[in-house]
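Beneath this line is the structure, given in structure tokens, with notes to follow.
No lab work stands behind these numbers, since they all come straight from the coordinates. From a predicted model like this one, the values you see are computed outputs, not experimental measurements. FYI the Cβ positions are ideal-geometry reconstructions off the backbone, even for glycines, and counts take in every protein chain you see.
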Amino acid sequence: MASGLELTFSILSKTQNEAAVAVLLNALDSTDRNVQAGALGAVLSHRSPTGHRELLRRWHALSKRWKKLASDSPGRLTSAIRDAVLSSDEQLHANGCDAAIVLREYDLIPALLTAAEDSSNPHADRSAETLLQLVSAMSAELAVPRDYRNRRNPHLVRARAAGAIEQSANRFDRHKRPEIVEAFLLVARRDNSAFKHILQHPHNKAYVTLVRLLSHSPRPGVMRLILDSLNDNRVPSVIYNILARRKDVSFVRHMLKRFASEIPINVRRNLKRIESFSWLCEDMNLLSALNGEEQRGAIQLAMASGMSRIQVFEVVEFIMQNGTVDGRREAANVLSDFRGDAANQTVIRALEDDDAAVRAVAVSQLRERGVRGAKTTLLGLVDSPDELVRDAARESLSEFTFDRLLASFGTLDDETRVETAKFVIRVDPLAVEGLREELQSPIRVRRIRAIQMADAMEVVAEIEPLMIALLSDQDHVIRASAAEALLRSPSAASRTALRDAILDRSDIVRDAAGQTLQAFAESELVSPSAPRPLPLDLSGSDLTSDSGEAIT
């Protein structure tokens, strides 16, 4: 149930009696905050122009909280603000301009244009500045997803305001107001005929001002217009010059964020006409101050531009050494586009990067670059604790599969068999299972080949039960081969099986079993310690480039 005070203000806000307005205005001066707030809401709800004008006269004295209450009732003060903006009264005009900005009264843009263009208006400067701030606020609204809690559609508002601002910009030779030109840039689209006309006619009165604003304005809407222009099939040459020369950090960051994702083909075609960027030429250290998204954009921009390959590589290498994780990942990916010793060395250094994803990309590029010792290094990485690195190493050695070794084993010499088998058993996780299937094949030649492969792959101990079972094979050659292979598995089980094999009916089986048992005995008499494996050294000469060619 409404209180007596709320009921009173409700009645005062609806009555047509002008005396109620005077009561409400007096209540604004009350020392009771509840009375003040109720009076403010009632004045805003009342349709009395007098009440609205009086409220606006007090605008400069209102607190931020009260101004916020006023902004929750959009459109109520529009007429009063319009009168204030066109007023010659100093304080009232200042109040009207501030209220227009706070309340986002975009419908007042034509009135502000009129006030700004009037050379006899003592408040023309403030009107022009208010216009620019209001249009800038509208531009910011257009750049983000629409807030549907606000019933005003900013796109429709922009469409209504754009025509008036464009006409005013075309009258630049009369008013000479750069604020109006900048406001025009904030509402203009890249295909706007007036925008293109000015850029293509250096003798236009507004040309110098417009180009200066495009070159220096910190407003995001102006920056967007510059970058949007790259989507055109025919880009004015002055746009290329601005992109090449602007080096203010706000613009650089805005531009790089635009290019952090995939760059459209037509934009890439236009970027090829830009051969240098001032901010890169003067101080590449700016790259290290950028965030990951911006560093990705810097790499994409450099790759798409007309910069020399040496300059592009310098950008990539700098980010590879000094960038964020996202930046280094992007740099590692594009390194595949560069050849030469410097690029190879950068890839080799990337193998020691802190980020596993960067290391994985570097790993994937080793063999294609012809880096000496690449296969050996990759073999050492197939058991990496980092899944990404491990998968990249296996993928780079993907030709070393059990099936391929099986198909070519008979054509390989002994040295190549051992070398290839060493890679297969480390790279192909299904190699041992495939070997088990071959050892149990009903085809004699496949079982013989499987025994030889097991020996070359040095996995006899792992499949010892199957190898022992082959000592009972019906084929004496297979039994003898199994006896020889068990030399690599000196377990108690294999010794027992070999002693039984000494009684085999075949001479060659008995000889093979005896020789293996004798070798076991000799190894027990002299058992030197196995040398400890050396740690993988990525900085040594085993992982270097065979070429000394330039970056290409």
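Taking a ≥ b ≥ c as the square roots of the eigenvalues of the alpha carbon gyration tensor, region 107-239 is oblate, as a/c is not under 1.5 and a/b does not beat b/c. Could you sort out which of K68/K176; K64/K205; K196/K247 sit more than 32 Å apart by Cα distance in this structure? Violating the 32 Å limit, Cα to Cα: K68/K176; K64/K205. Classify region 402-521 from the C-alpha gyration tensor, please: rounded if a/c falls under 1.5, else prolate or oblate depending on whether a/b exceeds b/c. Prolate, because a/c is 1.5 or more and a/b exceeds b/c.
At R0 = 25 Å, how high is the FRET efficiency between E90 and K176 if r is their beta carbon distance? Nearest 0.05 is fine. After rounding to 0.05, the efficiency reads 0.60.
Relative contact order for region 402-521: 19 percent, from Cα pairs under 8 Å spaced at least 6 residues apart, divided by residue count.
Here the 3J(HN,Hα) profile of region 346-355, calculated from phi with Karplus coefficients 6.51, -1.76 and 1.60 at θ = phi - 60°, is 5, 5, 4, 5, 5, 5, 9, 5, 5, 9 Hz, Gly and Pro shown as x. The fewest-to-most ranking of D507, D248 by surrounding Cβ atoms within 10 Å reads D507, D248. When each of the peptides 90-100, 335-345 is scored by the mean number of other C-beta atoms lying within 10 Å of its residues, the order from highest to lowest reads 90-100, 335-345. Within straight-line reach of K375, meaning a Cα separation under 23 Å, sit the following lysines at least 8 residues removed in sequence or on another chain: K422. Positive contributions from Lys and Arg (+1) and negative ones from Asp and Glu (-1), summed over other residues with Cβ under 11 Å from the Cβ of V361, come out at 0. Fewest-first ordering of T377, T411 by other beta carbons within 10 Å of each residue's beta carbon gives T411, T377.
As a proxy for reagent exposure, M255, M284 were ordered by neighbouring Cβ count within 10 angstrom, fewest first; the result is M284, M255. Here K67 is the anchor, and the aspartates and glutamates within straight C-alpha reach of less than 12 Å, apart from those fewer than 8 places off in the same chain, are D98.
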